[in-house]
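Okay, so here's the structure we're looking at.
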Amino acid sequence: MKVLIVGGGGREHAIAACMKKSRRVEELYCVPGNGGIAQLAQCDPSIGAMDFDKIVAYAREKAVDLVFVAPDDPLAGGLVDVLKEAGFRVFGPDRRAAVLEGSKSFSKDLMKKYHIPTAAYEVFDDPEKALAYLETAKFPIVLKADGLALGKGVLICPSLEEARAGVKEIMQEKRFGSAGSVLVVEEYLTGREVSVLAFVDGRTVKTMTSAQDHKRARDNDEGLNTGGMGCFSPSPFYTPEVDEFCRKAIYQPTVDAMAAEGRKFQGVIFFGLMLTEDGPKVLEYNARFGDPETQVVLCRMENDIMDVLDACIDGTLDQVELKFEDNAAVCVVLASQGYPEAYEKGFEIRGLENFEAKEGYYCFHAGSRIREDGRMVTNGGRVLGVTAKGATLQEARTRAYEAAQWVSFDNKYMRHDIGRAIDEA
C-alpha cells in the first residue's frame, strides 16, 4: 500500500513509525511532515494540513491507497469529506462526526441528552450573560472555548475575579480566535485524570491501553496549559472496575449516541476522563489520536495498524482483537523555553544518533525541520517527545529521563516530574 499521513507533529511521527512496521505499507508520504517524519516518509512541507485542494492533488499524484487525517483542524474542517468525494479511502471521522471535538457545547449537549456522565455546565454566546451567571457560581470553575484551540482553550478559575478575567480573555479579547465566540462554563471536577483512546467503526468500540497526559508547562502542574508536556501508559488508576463501568456508561453510549444523531463516527475517539468520587466522568472528547498519548500507546500495540484501520473503515472492527504489550511507556517532551507563549526557533538539535538501534527507545519529532545544509533544527514549541518502554512504569520513566539527556539544543526545556503520580498508585 501507499499511505499518506496528513499532519506534522509528534503524534504523526508516532503513527508513521507504527505504519513503517506494517508488512503492508510499501510507500509512506506525509504533508507537511517534519524533520523526524522525513526519515521515514516522503514529506512536502509546502503543503499545510488545511490546504485541502493541494492535499487532494498530492494524493492523486502519488496514487495513494489510503489517507490518514490526523490533526483536529482538518477533521473539523471536513478534509475527510473532500478526500472521499475525490475517490480516496480515508481514515478519520467526517465533518459531521468530528463536531464531537469541534464543538464542546455540542458534545456536552450530547452527553446530557444520552445520560453520559459528565460535569454540570452552562453554555453562553453573550459575555454579559456569562458574567452574570458567574456571580452565583461555585468556585473553582472551568471556562472552555467552544471551538478548537490547540488543546489550550481551557481555563481553571479559582475565584470570581479570575473567572471574570477569563470571560474577557476568551469571549471579548478572543485569545483563542473564533473558538471563543461560544463559552462553556463547567463544574470543576476533582480526581485522577485518565485518557483512553479507542478505535471506532461507527458501531463497535475497541479501546487501546490507557494513558495520562501532563498539560501544565511547569513542574508540579504549575504554569500555563500546553498541548502536553509528557505522558505515561498505562494508568495504574484505570482499574478493571473503572474499565467495565466506562464501557457500559461512556464508550458504547457515545458511539451509539453519535449514530442515533446521524453522525456515524469512524476513526479514533479520545476519551478524556476524570475519576471522581462519584465515578468516572467525561472531561472532553477528541475526534483523533491524542498528542503525546499516541507516543506511549502505539509503541506498545502488537497489531498491524493497517489491519485495524481497514476494520474501522469497513465496519468490521468486531472481528479484531486489539493486543498491547504487557509493559509500560513514558514520554518526556523536550520543548523550547518560553512555550506555550513566545519562544525562538532554528537551533540545531544534537545527539539524535544516540537513538539509533536502541531497542525500546524512541525520539518522536514534534517541531523540527531539516535545514538547507542538512542539519536538524528546532521548529516549534514542543520539539521532541523522548519515549522509552520498560517492564514497569518506574523503569520506563527512568529510561525516558535518561534518554532525554542524549539530545540537546539551545533553549531546551522539560518538566522533571512526568509520571510522578505513579509512585502514589
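The listed residues His416, His115, His13 rank as His115, His416, His13 when sorted by accessible area, largest first, using a 1.4 Å probe. Farthest toward the positive end of the dipole of the chain, out of Ala217, Asn303, Asn34, is the Cα of Asn34, where the dipole comes from beta carbon charges about the Cα centre.
When each of the peptides 278-284, 48-54 is scored by the mean number of other C-beta atoms lying within 10 Å of its residues, the order from highest to lowest reads 278-284, 48-54. Note that region 270-276 has calculated 3J(HN,Hα) couplings of 9, 9, x, 10, 10, 8, 8 Hz, one per residue in order, obtained from phi through the Karplus relation 6.51 cos²θ - 1.76 cosθ + 1.60 (θ = phi - 60°); glycine and proline are x.
Computed from backbone phi with θ = phi - 60° and the Karplus coefficients 6.51, -1.76 and 1.60, the 3J(HN,Hα) list for region 286-293 is 10, 9, 6, 4, x, 9, x, 4 Hz; x is used for glycine and proline. For the chain, the residue among Ala357, Thr392, Val200 whose Cα projects farthest onto the positive side of the dipole built from Cβ charges is Ala357.
For region 123-196, GluC sites (Glu not before Pro) are listed when DSSP marks them as loop and at most 10 other Cβ atoms sit within 10 Å of their Cβ; the list is Glu135. Less than 5 angstrom separates the built amide H of Gly8 from those of Gly33, all sequence-distant by 5 or more or on a different chain.
For the chain, the alpha-carbon radius of gyration amounts to 0.94 times the rule-of-thumb value 2.2 N^0.38 Å expected for a compact globular protein. Region 49-108 and region 202-226 have Cα centres separated by 23 Å. Return the subset of Lys152/Lys281; Lys108/Lys389; Lys174/Lys345; Lys62/Lys264; Lys144/Lys389 for which the Cα-Cα distance in this structure is over 31 Å, preserving the input order. Going by Cα-Cα distance, Lys108/Lys389; Lys144/Lys389 fall outside the 31 Å limit.
In terms of its C-alpha gyration tensor, region 12-155 comes out prolate, because a/c is 1.5 or above and the ratio a/b outweighs b/c. When the Cα centres of region 352-412 and region 128-143 are compared, how far apart do they sit, in Å? Taking the Cα centre of each part, region 352-412 and region 128-143 sit 42 Å apart. Within the accessible surface of region 1-78, defined with a 1.4 Å probe on protein heavy atoms only, the carbon and sulfur portion equals 45 percent. How much of Asp318 can a 1.4 Å solvent probe reach, expressed as accessible area in Å² and rounded to 10? Counting only protein heavy atoms, Asp318 exposes about 80 Å² to solvent.
In region 148-210, carbon and sulfur make up what percent of the accessible area (probe 1.4 Å)? The value for region 148-210 is 48 percent carbon and sulfur by accessible area.
On a per residue basis, the chain carries 41 Å² of accessible surface, using protein heavy atoms and a 1.4 Å probe.
The values are calculated or read from the model by the stated rules, or taken from the named source; none is laboratory data. Note that the structure is a prediction, hence the values are computed from the model and not measured. A quick note on method: Cβ atoms are made from the backbone with ideal geometry, for glycine too, and the neighbour counts reach across all protein chains shown. These area figures cover heavy atoms from the full protein model, side chains too; ligands, DNA and RNA do not enter into them. Shrake-Rupley method; radii C 1.70, N 1.55, O 1.52, S 1.80 Å.
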